[in-house]
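J.: Got a structure here, written out as structure tokens. Questions coming.
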Amino acid sequence: PLMIVISEIFGVHEYIADVTRRFAKLGFFAVAPEFFYRAGDPSSMGTMAELYSKIITKTPDVQVLQDVQAVMDWSKGQGVNPNKIALNGFCWGGRIVWLACERLEKISTGIAWYGRLSGDRSLNNPTHPLDGVNQLSAPVLGLYGGKDTGIPTQQVEKMSSLLKEQTNNISAKKSKLIIYPESGHAFHADYRPSYNPSDAKAGWEEATKWLKQQGF
């Protein structure tokens with residue numbers, strides 16, 4: 001099975017590489033693409049403002065989704081099972097997981113760790129996950145922090161309600177959202193102050209259980 005690991009805005013650094021290895025040890029053909037290579041190296045940015053202005057604002061959703069599709073197409077020649085394709089994304093990557101499961105075909109499932117669900121619209125970000133719930137073509141497991149100031153629990157609850165309303169969409173009905181009340185944003189990132197060891201472990205266990213439930 002193929003696992004595409006989608007990074008945070010900081011790109012593919014050691015934490016993302018480590019998570020990718022964890023999936024490989026679970027038996028996946030695990031890949032962590034460099035989605036920002038056209039714009040520059042996120043690790044060379046000195047501030048968050050610089051990172052957003054020079055990297056993120058120059059990385060449109062359509063380009064990222066084309067890259068996800070390119071990885072899926074490339075993987076066909078690598079011996080993967082084309083009927084078992086999963087995505088796992090953190091923060092920025094969590095939002096991309098939702099969008100990919102709404103817009104791309106042939107994805108089996110997605111795991112979105114604290115992926116933003118709504119926000120301002122722009123040419124680069126014309127829609128957000130809440131806008132495309134009815135288009136979901138793969139079930140998503142969403143893992144969120146109850147103290148995440150950037151993604152209010154009201155947004156997560158709204159997504160949960162919208163998913164339940166899609167009576168004719170099997171993927172939406174199968175999707176599941178979990179809120180960890182004592183965690184904030186990026187609670188799985190073991191290199192950041194936001195890391196919550198117990199919730200990170202619980203979330204990982206939910207993720208691996210979810211994959212088994214989806215036939216992986």
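J.: With the cut-off at 21 Å, report for the chain the share of all Cα pairs above it, as a whole percent.
T.: More than 21 Å apart: 51 percent of the Cα pairs in the chain.
J.: Right, something else. I need the GluC sites (Glu not before Pro) found in segment 129-216, filtered to DSSP loop residues with at most 11 other beta carbons within 10 Å of theirs.
T.: Hits after loop and neighbour filter: Glu182.
J.: While we're on this one: What ³J(HN,Hα) values, in whole Hz, does the Karplus curve 6.51 cos²θ - 1.76 cosθ + 1.60 give for segment 105-120 when θ = phi - 60°, with x put for Gly and Pro?
T.: Going residue by residue, I get 9, 6, 8, 7, 6, x, 10, 10, 8, 6, x, 4, 9, 8, x, 5 Hz, with x marking Gly and Pro.
J.: For segment 87-101 and segment 60-78, compute the distance between their C-alpha centroids and round to whole Å.
T.: For segment 87-101 versus segment 60-78, the Cα centre distance is 13 Å.
J.: Would you mind estimating how fast segment 109-216 diffuses translationally, via Stokes-Einstein at 20 °C and 1.002 mPa s with the Kirkwood radius over Cα pairs, in µm²/s?
T.: Roughly 148 µm²/s, to the nearest whole number.
J.: Taking 0.36 nm per residue of sequence separation and subtracting the Cα-Cα distance, how much length would be gained by fully extending the chain between Ala39 and Ala17, in nm to one decimal?
T.: Between Ala39 and Ala17, full extension yields 5.9 nm more.
J.: Okay, moving on. Rg(Cα) of segment 78-169 divided by 2.2 N^0.38 Å?
T.: Working: Rg = 13.2 Å, N = 92, 2.2 N^0.38 = 12.3 Å.
Relative to the 2.2 N^0.38 Å estimate, segment 78-169 comes out at 1.08.
J.: Carbon-plus-sulfur fraction of the accessible area of the chain, 1.4 Å probe, in percent?
T.: Heavy-atom surface of the chain belonging to carbon and sulfur, 1.4 Å probe: 51 percent.
J.: Now for a separate question. Using the structure shown, list the pairs from Lys106/Lys158; Lys25/Lys176; Lys76/Lys106 with a Cα-Cα distance above 21 Å, or answer none. Spell out each step's value before the answer.
T.: Details: Lys106/Lys158 27 Å; Lys25/Lys176 25 Å; Lys76/Lys106 12 Å.
With Cα atoms farther than 21 Å apart: Lys106/Lys158; Lys25/Lys176.
J.: Determine how many Å³ per residue the convex hull of the Cα atoms of segment 1-51 encloses.
T.: 61
J.: Just to be sure I understand: with springs between alpha-carbon atoms less than 10 Å apart, which residue in Met159, Met48, Met72 has the highest mean-square fluctuation in the Gaussian network model of the chain?
T.: Between Met159, Met48, Met72, it is Met48 that shows the largest mean-square fluctuation.
J.: So, in nm, how far is label Trp204 from label Glu105 when the simple model puts each one 7 Å beyond its Cα toward the Cβ?
T.: 3.7
J.: Check each of the trypsin sites (Lys or Arg not before Pro) in segment 1-74 and keep only those in coil by DSSP with at most 14 other C-beta atoms within 10 angstrom; list them in order.
T.: In loop regions of segment 1-74 (DSSP not H, G, I, E or B), the sparsely surrounded trypsin sites (Lys or Arg not before Pro) are Arg38.
J.: Considering the zone a paramagnetic label at Glu157 would reach in this model (a point 7 Å from Cα along the Cα-to-Cβ line), which residues of segment 187-215 have amide N under 14 Å from it?
T.: Backbone N within reach: none found.
J.: Then there is this: Modelling each spin label as a point 7 Å along the Cα-to-Cβ direction, I'd like the Leu177/Val62 distance in nm, to one decimal.
T.: Distance between label points: 2.9 nm.
J.: Now for a different question. According to the square roots a ≥ b ≥ c of the eigenvalues of the Cα gyration tensor, what is the shape class of segment 1-113, taking rounded for a/c under 1.5, prolate for a/b larger than b/c otherwise, and oblate for the remainder?
T.: prolate
J.: Also, I was wondering about something else. Give the residue list of chymotrypsin sites (Phe, Trp or Tyr not before Pro) in segment 154-210 that are DSSP loop and have at most 12 other beta-carbon atoms within 10 angstrom. Let's see the in-between values first.
T.: Details: sites: Phe187, Tyr191, Tyr195, Trp204, Trp210; in loops: Phe187, Tyr191, Tyr195.
Sites meeting the loop and neighbour criteria: Tyr191.
J.: May I pose another question? Identify the residues of segment 146-166 with backbone N under 16 Å of a label point that sits 7 angstrom from the Cα of Leu130 along the Cα-to-Cβ direction, or state none.
T.: 148-165
The values are calculated or read from the model by the stated rules, or taken from the named source; none is laboratory data. Remember, it's a predicted structure, so these values are computed and weren't measured experimentally. So basically every Cβ, Gly included, is an ideal-geometry build from the backbone, and we count neighbours across all protein chains shown. Accessible surface is based on the protein model in full, side chains and every heavy atom, while ligands, DNA and RNA are left aside. Shrake-Rupley method; radii C 1.70, N 1.55, O 1.52, S 1.80 Å.
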